[in-house]
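Every read-out reported here was derived from the displayed coordinates using simple, explicitly stated rules and does not represent laboratory data. Keep in mind that this is a model prediction, so the values were computed, not measured. Positions of Cβ are generated from backbone atoms using ideal geometry, with glycine treated the same way; all protein chains shown enter the neighbour counts.
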Amino acid sequence: MPNEVRVKIVSHADIVAARQEARALAIEAGFSLCDSTLITTAISEMSRNVLEYAQTGEVTISLLRNGTKSGVKIVVQDCGPGIADIGQVMQDGYSSRKGMGIGLPGTKRLMDEFEIRSKLGNGTTVTMKKWNWNQ
Ligand SMILES: Nc1ncnc2c1ncn2[C@@H]1O[C@H](COP(=O)(O)OP(=O)(O)O)[C@@H](O)[C@H]1O
Ligand SMILES: [Mg+2]
C-alpha cells in the first residue's frame with residue numbers, strides 16, 4: 001500500500017472514497033477502530049466544508065513515522081473563497097450558513113495537531129495530524 005493517497009473532492013461520493021482510504025491507512029498505522037473512526041470523521045467534516053464553501057478541493061492522506069511512533073497526516077486543500085477571520089470560524093457555533101458551526105473546532109479537538117491557513121480569495125488549507133500513542 002502506498003504511503004500517500006490523494007482524493008479529489010467534487011462530490012459526496014469522493015468523501016466516501018477519502019474516508020475509505022483514510023481508514024485503510026489508519027489501520028496500517030495501528031490505530032484502533034475507534035481512533036480510525038475519529039480520523040474518518042475529521043476527513044468528513046473538512047471535505048464537507050470543501051463541497052459546501054469551495055465546491056472542489058483535494059484531500060491528501062499520508063502515513064507518518066517518527067521513530068517507533070506512527071500516525072496519519074491529512075491535508076485538505078481548496079481554491080475557494082477563503083476565510084476572512086480564522087478566529088471567528090474556530091469558535092464553537094459559528095456558521096456563515098445554517099450549519100451547527102462545530103465542524104472546524106470539533107475536528108481540531110479530534111486531532112493532535114491542527115492548522116488552518118486561509119486568505120480571502122486564495123482558498124483554504126487545513127493540515128492535521130493524529131499520532132498513535134498506543135505503540
Ligand atoms: N473550506 C472553506 N472555505 C471557506 N469557508 C469555510 C471553509 N470551511 C469553513 N468555512 C467557514 O467556516 C464556517 C464554520 O465552519 P464549520 O465549523 O465547519 O461549521 P459549519 O460548516 O456548520 O458552518 C463556515 O460556516 C464557513 O463560513
Ligand atoms: Mg462544516
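Data for the structure
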| item | result |
| --- | --- |
| Max mean-square fluctuation residue, GNM over the chain, Cα-Cα springs under 10 Å, options Thr68, Thr60, Thr125 | Thr68 |
| Hits among lysines - C-alpha to C-alpha of Lys98 under 17 Å, sequence gap 8 or more where chains match | none |
| Convex hull (Cα only) mean projected area of the range 86-133, reported in nm² to one decimal | 3.7 nm² |
| Ratio of the Cα radius of gyration of the range 4-131 to 2.2 N^0.38 Å, where N counts its residues | 1.00 |
| In degrees, nearest ten, helix 12-28 long axis to first principal axis of the chain (Cα) | 30 degrees |
| Given charges at beta-carbon only (K, R positive; D, E negative), |dipole| of the range 4-131 in Debye | 60 debye |
| Gain upon complete extension [Cys34, Ala84; 0.36 nm per residue less C-alpha separation] | 14.6 nm |
| Distance (nanometres) between label positions extended 7 Å along Cα→Cβ at Ser96 and Lys69 | 3.5 nm |
| Full-stretch length increase - Thr56, Ser11 - with 0.36 nm per residue and alpha-carbon distance subtracted | 15.4 nm |
| Gaussian network model of the chain, springs between alpha carbon atoms under 10 Å - residue of Ser47, Ser62, Ser11 with greatest fluctuation | Ser11 |
| Whole-angstrom gap from the range 12-46 to the range 71-127, using each part's C-alpha centre | 18 Å |
| Gain upon complete extension [Lys108, Trp133; 0.36 nm per residue less C-alpha separation] | 7.3 nm |
| Rounded, prolate or oblate (a/c below 1.5 giving rounded, otherwise prolate when a/b exceeds b/c) for the range 36-95 by Cα gyration tensor | prolate |
